[in-house]
Amino acid sequence: MNAQLVESLFQVIMSLSPDERTLLEQKLFANIPYPSNSELIQLAQSGGCFYFLNDEPDIYTLEDGELI
């Protein structure tokens, strides 16, 4: 890793005006695609953040509530 180069780049970026920083951000992040809905769903399913729901009791049925 070239820490000196990183530090130099950081110093240059910090010396930019707000408009120049905005332009730099646009250039850096312009080609990064947003994830599709299916990619987000896959991430949510495989990420593990909803695994706790597997231990929750099934207290609702299709007969509960009003139809939408």
Might you report the magnitude of the Cβ-based charge dipole of the chain about its Cα centre, with Lys and Arg at +1 and Asp and Glu at -1, to the nearest 20 debye?
680
Note down the nm distance, to one decimal, between modelled labels 7 Å out along Cα→Cβ at residue 24 and at residue 42.
3.4
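R0 = 35 Å: FRET efficiency of residue 50 with residue 4, Cβ-based, nearest 0.05? Please list the in-between numbers first.
On the way: r = 44 Å, r/R0 = 1.26.
E between residue 50 and residue 4, to the nearest 0.05, is 0.20.
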Starting with the highest mean, order 52-58, 20-26 by the number of other Cβ atoms within 10 Å, averaged over the residues of each peptide.
20-26, 52-58
Whole-Hz Karplus ³J(HN,Hα) for the range 49-58, in order, using 6.51 cos²θ - 1.76 cosθ + 1.60 and θ = phi - 60°, x for Gly and Pro?
6, 10, 4, 4, 5, 5, 8, 7, x, 7
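No lab work stands behind these numbers, since they all come straight from the coordinates. The structure presented is a predicted model; accordingly, all values stated were derived computationally and were not measured. Every residue, glycine among them, receives a Cβ derived from its backbone with ideal geometry; neighbour counts consider all protein chains shown.
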